[in-house]
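Just passing along the structure, written as structure tokens.
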2 protein chains.
Amino acid sequence: MRAAATLFTDVGYDETSTTKIATAAGVTTTTIYWYFADKDALLVAVLDHVLEAALAEAALHSQRPWADQVLWAVDRLERYRRLVTVVHARAPISESIGAWHDEFHRLVDSMMVDGFRDAGVPESDLDAMTKIGVFVVEGLLMHPQSEQDRRAVVTLLTGQTRRGSGSS
Amino acid sequence: MRAAATLFTDVGYDETSTTKIATAAGVTTTTIYWYFADKDALLVAVLDHVLEAALAEAALHSQRPWADQVLWAVDRLERYRRLVTVVHARAPISESIGAWHDEFHRLVDSMMVDGFRDAGVPESDLDAMTKIGVFVVEGLLMHPQSEQDRRAVVTLLTGQTRRGSGSS
DNA sequence: GGTTTTCTTGAATGGCGTACAAGAAAGGTA
DNA sequence: TACCTTTCTTGTACGCCATTCAAGAAAACC
């Protein structure tokens, strides 16, 4: 069932009708509504599923340098670009998605705080730096960049301006 | 007519039906379709209108310090949060909105490059810094923050860590 | 005054998310 | 075995949506 909701990731939420989901899953739309309160609830289930898988993988990389971790996350999550945009678009109008979004940011914020603290960001800048980190990662997800551009942005973000990635 | 499309800003694009727009404008939905090819074209017209007005106002502040300019932009554009999210959500699926989004980023990128260059960012980091700037501003628009948090983020972003805005 | 162009409309179409009453499957208990 | 209850699935229907089309009103032009 949730396998059928790969459609949200690849095709998009608004572009995927409940009928298409039902057909792909070999059932009727009404069946979907027995398992999920509404289409938003189905999206939340997909989000939870996807996030859980990503977190499990991320745990394997937790010892790598901070810049590598962030870059890995961007690479790993890039495929969920459509989910990122639709969550932000629907968060203000859908109770369930708004709640998921809030909790998601609490989680990501805490991970970012730890990462930047370990990377040596002074305590006074930690909150602001965390927000910048989250916004930049979301920006990279929503606006796909070339491999080098991604790396340049993350490198600059995480403070180690290793020089030699400029342009023109 | 475009005055009636204030609905997009305040209520949201998906939440505003063509019928509501037509009623608010004192016409029928069909009339709207004489002036605009589809609902997306109407959104693009609203975006152009809103952007033009903001740019005109921004020109008056072009002599202020870079950090103030960015902060002013965030304050000024915050009311368009719904537009920001819907543009990102629809850019991949709507030709016209995708085109608008591309051109918008070209414009904003060039403004950001100039701003950061004048602020003393080395040429080698300029491209990456510009992207970070754009992503952070978009992030601030999509995730409303308190006055102090906004200021702290922009201050850190623009490099003048003036100290004394930390937390806890 | 007649013709052409500009604008507005009512009615229709197909698709959407969702609700509901009815029934099939499955499981438990005698 | 037969009955009852819970779990699941379905066909059908509703109201709303974006969009289209043929028809007509208003305005502009000659």
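The values are calculated or read from the model by the stated rules, or taken from the named source; none is laboratory data. All values derive from a computational prediction rather than experimental measurement. Backbone-built Cβ (ideal geometry, glycine too); neighbour counts: all protein chains shown.
For region B:25-48, give me each residue that is within 14 Å of chain A (Cβ to nearest Cβ) and either over 20 Å from B:S96 (Cα atoms) or away from DNA strand C (no atom under 13 Å from the Cβ) (or both). So that I can check it myself, show each step before the final result.
Just the residues of region B:25-48 that are within 14 Å of chain A (Cβ to nearest Cβ), to begin with: B:39-40, B:43.
Passing the criteria: B:D40, B:L43.
In addition: Quick check on A:E52: is it within 16 Å of DNA strand D (Cβ to nearest atom) and without any contact (Cβ under 8 Å) to a residue 24 or more places away in the chain?
Numbers: within 16 Å of DNA strand D (Cβ to nearest atom): no; without any contact (Cβ under 8 Å) to a residue 24 or more places away in the chain: yes.
Here the answer is no, as A:E52 does not meet what is asked.
With the requirement that a residue be in a helix (DSSP H, G or I) and surrounded by fewer than 17 Cβ atoms within 10 Å (Cβ to Cβ), what does region A:139-157 give you? Show your work before the answer.
Let us first name the residues in region A:139-157 that are in a helix (DSSP H, G or I), namely A:139-142, A:147-157.
Matches in region A:139-157: A:E147, A:Q148.
Are any residues in region A:124-133 surrounded by fewer than 23 Cβ atoms within 10 Å (Cβ to Cβ) and either within 25 Å of A:L83 (Cβ to Cβ) or touching a residue at least 24 places away in the same chain (Cβ under 8 Å) (or both), and if so, which ones?
Correct list: A:T130 only.
Could you figure out which of (1) facing chain A (nearest Cβ under 10 Å); (2) surrounded by fewer than 18 Cβ atoms within 10 Å (Cβ to Cβ); (3) at pLDDT below 95 isn't true of B:Q160?
The number of the failed condition is (1).
Tell me which residues, restricted to region A:5-24, are surrounded by fewer than 16 Cβ atoms within 10 Å (Cβ to Cβ), within 14 Å of another protein chain (Cβ to nearest Cβ) and away from DNA strand D (no atom under 15 Å from the Cβ).
Hits for region A:5-24 are A:D10, A:V11.
Please pick out the residue among B:V108, B:V121, B:V136 that is modelled with pLDDT of 95 or more, crowded, with 20+ Cβ neighbours inside 10 Å and among the aliphatic types (A, V, I, L, M). Step through it out loud before you land on a result.
On the way: B:V108 fails: crowded, with 20+ Cβ neighbours inside 10 Å; B:V121 fails: modelled with pLDDT of 95 or more.
Being modelled with pLDDT of 95 or more, crowded, with 20+ Cβ neighbours inside 10 Å and among the aliphatic types (A, V, I, L, M) holds for just one of B:V108, B:V121, B:V136, which is B:V136.
Residue by residue, here is whether (1) over 18 Å from B:Y80 (Cα atoms); (2) of a type in the set (G, A, S); (3) within 25 Å of the chain's Cα centre (by Cα) holds:
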| site | (1), (2), (3) |
| --- | --- |
| B:T18 | yes, no, yes |
| B:T23 | yes, no, no |
| B:T28 | yes, no, no |
| B:A37 | yes, yes, yes |
| B:A41 | no, yes, yes |
| B:V44 | no, no, yes |
| B:L55 | no, no, yes |
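One residue is enough: does region B:81-93 have a residue meeting the conditions farther than 26 Å from A:V11 by Cβ, away from DNA strand D (no atom under 16 Å from the Cβ) and not hydroxyl-bearing (S, T, Y)?
At the first step, the residues of region B:81-93 found to be farther than 26 Å from A:V11 by Cβ are none.
Within region B:81-93 (the criterion being farther than 26 Å from A:V11 by Cβ, away from DNA strand D (no atom under 16 Å from the Cβ) and not hydroxyl-bearing (S, T, Y)), the answer is no, since none of the residues qualifies.
Quick one: which residue in A:W66, A:W100, A:W72 is over 28 Å from A:D10 (Cα atoms) and within 18 Å of the chain's Cα centre (by Cα)?
On the way: A:W100 fails: over 28 Å from A:D10 (Cα atoms); A:W72 fails: over 28 Å from A:D10 (Cα atoms).
Of the residues listed, the single one that is over 28 Å from A:D10 (Cα atoms) and within 18 Å of the chain's Cα centre (by Cα) is A:W66.
Among (1) within 14 Å of another protein chain (Cβ to nearest Cβ); (2) in contact (Cβ under 8 Å) with a residue 24 or more places away in the chain; (3) touching an Asp or Glu at 6+ places or on another chain (Cβ under 9 Å), there is one condition A:R151 misses while meeting the rest; what is its number?
(3)
Right, another one. I need the full set of residues from region B:89-105 which are surrounded by 17 or more Cβ atoms within 10 Å (Cβ to Cβ) and either within 11 Å of chain A (Cβ to nearest Cβ) or among the aliphatic types (A, V, I, L, M) (or both), in order please.
Once the filter is applied, which keeps residues that are surrounded by 17 or more Cβ atoms within 10 Å (Cβ to Cβ) and either within 11 Å of chain A (Cβ to nearest Cβ) or among the aliphatic types (A, V, I, L, M) (or both), region B:89-105 yields B:A89, B:R90, B:A91, B:S94, B:I97, B:H101.
Same structure again: Scanning for something more than 14 Å from A:L77 (Cβ to Cβ) and away from chain B (no Cβ under 11 Å), does region A:122-131 turn up at least one residue? Working first, answer last.
Initial filter on region A:122-131 (more than 14 Å from A:L77 (Cβ to Cβ)): A:122-131.
Next, from what is left, pick out any that are away from chain B (no Cβ under 11 Å): none.
Checked region A:122-131: no residue is more than 14 Å from A:L77 (Cβ to Cβ) and away from chain B (no Cβ under 11 Å).
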